[in-house]
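*Asks:* One structure coming up, written as structure tokens, with questions to follow.
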Amino acid sequence: MSEIETLIAPELPASPADGSARSPSLPDASAAPALSPRVHAASVHGRSIVVRSAAAIAHEAVTGFRQPAGLVRFVKSLIKFPVEYRAARAHQAIPVASFLEVFPETASLTLTAPPSSLGRHGWNVKLHEEMLLGAAVAAIQARQIFEIGTFDGGTTRRLAESAPDDATVYTMDLPEDAFDASQSPTAFNGSRVGEKYRASAAASKVRQIRHDAATFDFGPYRGRMDFVFVDAAHDHPHGLCDSKNALTLVRPGGVVVWHDFEPYWSGLVHAVCEATTGLPLRRLGGTSMAAVRMPPVGLP
């Protein structure tokens, strides 16, 4: 990965006092201020990886005496590094495919972002990911959809609004008390789960389930879903449980999509890889998602 150096741009000339327009002109290269050697000499970030690592450790050790909590976080990150490294290796072993390769039916669609999608919480999927999920549902005409992890209902809303009129979207999250006891999103609590889809004209398509996915009886839903979206707990035990359930929910020829399939969430990466052994799992290029399109009936 190339190093990024700081460029110091020459100061632009001031506008005329009378406010009249003036055509811009390129500055004379000979008159441009020279880069100060001090800018580069003072930055350790232009040095080798060994020097940068040593400097970072020394810095955190020194500042840790003044900010013990910061030192604790730094030590935890050092301990976690081998785990994330293994997850990165597993992540890189999964082939990358463009969204269009996985969902060729979307080629003729126009992607849009309605105003309802613009107000976003930090835990929401990225806006372009939400748009792609909606496009996939619309393109394959998914009528039976299951979402594990409702949160504020933003993605639920997009799935419901993109699905045919006769579709049903089942969305699951923890009961209110359990949500509040185990989650800590900024300015959000269990009573607000699903609030965004409830304001939609497509809310009648949604069936909200408040239950722990680890103990829920998925029996009536198994093998029926055209599209399953998983964005719930990111640790290995829950990620593996959710992934295995998702793969039993989807019908032959259907789709399962996982969010946050990234090495930072090491437990989730390993869980998804383990659950999908032997299946055509793909990382969706330009996103933090992974997907499996199940083989149709009669195909291996």
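Please treat every number below as a calculation from the coordinates, not as lab data. As the structure is a computational prediction, the values presented were derived from the model and not from experiment. Note that each Cβ is placed from the backbone with ideal geometry, even for glycine, and that neighbours are counted across all protein chains shown.
*Asks:* Under the Karplus relation 6.51 cos²θ - 1.76 cosθ + 1.60, θ = phi - 60°, what is the ordered set of whole-Hz ³J(HN,Hα) values for the range 247-256, x standing for Gly and Pro?
*Replies:* 6, 8, 6, 6, 7, x, x, x, 10, 10
*Asks:* If you don't mind, another one. Test of the criteria: in the range 93-149, which trypsin sites (Lys or Arg not before Pro) are in a DSSP loop and have at most 14 other Cβ atoms within 10 angstrom of their Cβ? Kindly include the intermediate steps, with their values, before the conclusion.
*Replies:* Numbers: sites: Arg120, Lys126, Arg143; in loops: Arg120, Lys126, Arg143.
Filter output for the range 93-149: Arg120, Lys126.
*Asks:* Put +1 on the Cβ of each Lys and Arg and -1 on the Cβ of each Asp and Glu in the range 151-273; which of Gly239, Pro220, Ser266 then has its Cα farthest toward the positive end of the dipole?
*Replies:* The Cα lying farthest towards the positive end belongs to Pro220.
*Asks:* Still on this structure: Please list 3J(HN,Hα) in residue order for the range 94-108, calculated via the Karplus relation 6.51 cos²θ - 1.76 cosθ + 1.60 where θ = phi - 60°; whole Hz, with x for glycine and proline.
*Replies:* Whole-Hz 3J(HN,Hα) from phi for the range 94-108: 7, x, 9, 9, 6, 4, 5, 5, 7, 10, x, 5, 7, 4, 9.
*Asks:* Quick one: grab the alpha carbon gyration tensor of the range 92-293, order the square roots of its eigenvalues as a ≥ b ≥ c, and give me rounded if a/c is under 1.5, else prolate or oblate depending on whether a/b is larger than b/c.
*Replies:* Details: a/c = 1.29, a/b = 1.06, b/c = 1.22.
Rounded, since a/c falls under 1.5.
*Asks:* Next up: Lys and Arg at +1, Asp and Glu at -1: add these up for the other residues within a Cβ distance under 15 Å of Asp166 and post the number. Could you put the intermediate results ahead of the total?
*Replies:* Numbers: positive: Arg143, Lys205, Arg207, Arg224; negative: Glu161, Asp165, Asp226.
Its environment carries a net charge of +1.
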